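See below for the structure under consideration.
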Amino acid sequence: LGLMEKSYCSRVMTVGDAAQQVKPISGGGVNMGLQCAKHCAKIAIEALELSDFSDKELSKYQKLWQKDFKRELKIGLIARKIFNNLNDNDLDTILGSLNNDHLLKTVSTYGDIDHPSRIVEPVIADLLVEPEPYLKLKYLSLIGITPSVLHGLLG
(Lines give C-alpha, C1' and ligand atoms only; values in the text may rest on other atoms or scores of the structure.)
Protein backbone atom coordinates (compact mmCIF):
# COMPACT_ATOMS: atom_id res chain seq x y z
CA LEU A 1 0.00 0.00 0.00
CA GLY A 2 1.15 3.50 -0.72
CA LEU A 3 2.19 5.61 -3.64
CA MET A 4 5.14 4.40 -5.68
CA GLU A 5 7.60 7.11 -6.55
CA LYS A 6 7.71 5.72 -10.11
CA SER A 7 5.47 3.15 -11.76
CA TYR A 8 7.63 3.23 -14.88
CA CYS A 9 11.22 3.24 -16.04
CA SER A 10 12.85 3.00 -19.42
CA ARG A 11 10.96 0.30 -21.39
CA VAL A 12 8.74 -0.68 -18.40
CA MET A 13 5.36 0.38 -16.98
CA THR A 14 3.67 -1.39 -14.05
CA VAL A 15 -0.08 -1.62 -13.44
CA GLY A 16 -2.37 -2.78 -10.64
CA ASP A 17 -0.88 -4.40 -7.54
CA ALA A 18 2.63 -4.18 -9.03
CA ALA A 19 2.23 -0.38 -9.16
CA GLN A 20 0.60 -0.18 -5.70
CA GLN A 21 -2.67 0.83 -7.36
CA VAL A 22 -4.62 -0.70 -4.47
CA LYS A 23 -7.33 0.91 -2.35
CA PRO A 24 -5.85 1.30 1.15
CA ILE A 25 -9.15 0.84 2.95
CA SER A 26 -10.48 -2.30 1.25
CA GLY A 27 -7.43 -3.74 -0.50
CA GLY A 28 -9.43 -3.81 -3.73
CA GLY A 29 -8.39 -2.25 -6.96
CA VAL A 30 -9.80 -4.06 -9.99
CA ASN A 31 -11.51 -0.95 -11.35
CA MET A 32 -8.50 1.23 -10.56
CA GLY A 33 -6.19 -1.30 -12.22
CA LEU A 34 -8.36 -1.40 -15.33
CA GLN A 35 -8.47 2.39 -15.57
CA CYS A 36 -4.70 2.57 -15.10
CA ALA A 37 -4.24 -0.17 -17.72
CA LYS A 38 -6.08 2.07 -20.20
CA HIS A 39 -3.63 4.88 -19.44
CA CYS A 40 -0.73 2.44 -19.74
CA ALA A 41 -1.99 1.20 -23.13
CA LYS A 42 -2.41 4.77 -24.39
CA ILE A 43 1.16 5.69 -23.48
CA ALA A 44 2.50 2.36 -24.81
CA ILE A 45 0.87 3.04 -28.19
CA GLU A 46 2.31 6.56 -28.25
CA ALA A 47 5.76 5.22 -27.32
CA LEU A 48 5.55 2.60 -30.08
CA GLU A 49 4.54 5.21 -32.65
CA LEU A 50 7.48 7.39 -31.59
CA SER A 51 9.89 4.48 -31.05
CA ASP A 52 10.67 6.21 -27.76
CA PHE A 53 10.60 4.05 -24.64
CA SER A 54 12.55 6.46 -22.43
CA ASP A 55 11.78 7.43 -18.87
CA LYS A 56 10.63 10.82 -20.11
CA GLU A 57 8.11 9.37 -22.56
CA LEU A 58 6.78 6.73 -20.18
CA SER A 59 6.48 9.23 -17.31
CA LYS A 60 3.31 10.43 -19.04
CA TYR A 61 1.66 7.24 -17.80
CA GLN A 62 2.31 8.11 -14.15
CA LYS A 63 0.94 11.61 -14.65
CA LEU A 64 -2.26 10.23 -16.18
CA TRP A 65 -3.03 7.62 -13.55
CA GLN A 66 -2.06 9.86 -10.66
CA LYS A 67 -4.35 12.58 -11.98
CA ASP A 68 -7.21 10.10 -11.59
CA PHE A 69 -6.20 8.31 -8.38
CA LYS A 70 -3.41 10.01 -6.38
CA ARG A 71 -5.76 12.07 -4.22
CA GLU A 72 -8.01 9.08 -3.59
CA LEU A 73 -5.04 6.94 -2.56
CA LYS A 74 -3.63 9.64 -0.26
CA ILE A 75 -6.95 10.11 1.52
CA GLY A 76 -7.35 6.33 1.78
CA LEU A 77 -3.91 6.02 3.35
CA ILE A 78 -4.77 8.67 5.92
CA ALA A 79 -8.10 6.97 6.70
CA ARG A 80 -6.37 3.60 7.06
CA LYS A 81 -3.77 5.08 9.41
CA ILE A 82 -6.53 6.61 11.52
CA PHE A 83 -8.58 3.41 11.64
CA ASN A 84 -5.51 1.30 12.47
CA ASN A 85 -4.97 3.48 15.54
CA LEU A 86 -8.56 3.40 16.80
CA ASN A 87 -9.37 1.56 19.97
CA ASP A 88 -12.90 0.51 20.89
CA ASN A 89 -13.52 3.63 23.00
CA ASP A 90 -12.40 5.94 20.19
CA LEU A 91 -14.64 4.15 17.72
CA ASP A 92 -17.61 4.31 20.12
CA THR A 93 -17.01 8.04 20.62
CA ILE A 94 -16.86 8.75 16.90
CA LEU A 95 -19.84 6.64 15.94
CA GLY A 96 -21.85 7.77 18.96
CA SER A 97 -21.40 11.42 18.12
CA LEU A 98 -22.43 11.18 14.47
CA ASN A 99 -26.02 11.93 13.62
CA ASN A 100 -27.16 8.57 12.23
CA ASP A 101 -29.80 10.09 9.92
CA HIS A 102 -27.22 12.48 8.57
CA LEU A 103 -24.64 9.70 8.16
CA LEU A 104 -27.12 7.52 6.27
CA LYS A 105 -27.96 10.43 3.97
CA THR A 106 -24.25 11.10 3.43
CA VAL A 107 -23.56 7.45 2.56
CA SER A 108 -26.51 7.24 0.18
CA THR A 109 -25.57 10.54 -1.48
CA TYR A 110 -21.79 10.16 -1.75
CA GLY A 111 -21.19 6.42 -1.41
CA ASP A 112 -19.01 4.99 -4.17
CA ILE A 113 -17.10 1.75 -3.69
CA ASP A 114 -14.37 2.88 -6.08
CA HIS A 115 -14.05 6.33 -4.48
CA PRO A 116 -14.52 5.90 -0.71
CA SER A 117 -13.12 9.38 -0.07
CA ARG A 118 -16.41 10.75 -1.39
CA ILE A 119 -17.91 9.58 1.90
CA VAL A 120 -14.90 10.49 4.04
CA GLU A 121 -14.82 14.13 2.92
CA PRO A 122 -18.40 15.07 3.96
CA VAL A 123 -17.93 13.27 7.28
CA ILE A 124 -14.67 15.15 7.87
CA ALA A 125 -16.46 18.38 6.94
CA ASP A 126 -18.89 17.65 9.79
CA LEU A 127 -15.93 17.16 12.12
CA LEU A 128 -14.54 20.54 11.05
CA VAL A 129 -17.73 22.23 12.21
CA GLU A 130 -17.29 20.84 15.75
CA PRO A 131 -13.75 19.45 15.98
CA GLU A 132 -13.12 19.81 19.73
CA PRO A 133 -14.38 16.38 20.87
CA TYR A 134 -12.37 14.69 18.13
CA LEU A 135 -9.13 16.60 18.62
CA LYS A 136 -8.89 15.13 22.11
CA LEU A 137 -8.95 11.59 20.79
CA LYS A 138 -5.67 9.67 20.75
CA TYR A 139 -5.73 8.74 17.07
CA LEU A 140 -6.01 12.31 15.82
CA SER A 141 -3.20 13.64 17.96
CA LEU A 142 -0.96 10.71 16.96
CA ILE A 143 -0.98 11.71 13.32
CA GLY A 144 -1.23 15.47 13.85
CA ILE A 145 -4.70 15.93 12.37
CA THR A 146 -6.11 19.40 13.01
CA PRO A 147 -8.78 21.35 11.13
CA SER A 148 -6.10 23.26 9.18
CA VAL A 149 -4.35 20.00 8.22
CA LEU A 150 -7.67 18.54 7.05
CA HIS A 151 -8.41 21.62 4.98
CA GLY A 152 -4.97 21.33 3.37
CA LEU A 153 -5.44 17.63 2.58
CA LEU A 154 -8.90 18.06 1.10
CA GLY A 155 -8.11 21.22 -0.82
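The values are calculated or read from the model by the stated rules, or taken from the named source; none is laboratory data. Just so you know, these numbers come straight off a predicted model, no measurement behind them. Neighbour counts run over all protein chains shown; Cβ positions are idealised from the backbone, glycine included. Just the protein is used for accessible areas: all its heavy atoms, side chains included, with ligands, DNA and RNA removed. Shrake-Rupley method; radii C 1.70, N 1.55, O 1.52, S 1.80 Å.
Taking only region 1-49 into account, find how many residues are assigned to a helix (DSSP H, G or I) and not hydrophobic (A, V, I, L, M, F, W, C).
Selection size over region 1-49: 10.
Can you tell me which residue among L34, L77, L50, L73 is open to solvent by 50 Å² or more (accessible area, probe 1.4 Å) and within 14 Å of the chain's Cα centre (by Cα)?
One residue alone meets the criteria, L77.
Please specify each residue of region 15-30 satisfying the condition of being in contact with a Lys or Arg (Cβ under 9 Å, 6 or more places away or on another chain) and open to solvent by 40 Å² or more (accessible area, probe 1.4 Å).
I25
For region 64-155, list the helices (runs of 4 or more DSSP H) that sit wholly inside it and hold at least 2 residues that are at pLDDT 60 or above and over 28 Å from M13 (Cβ atoms); which are they?
Result: 88-97, 100-110, 117-129.
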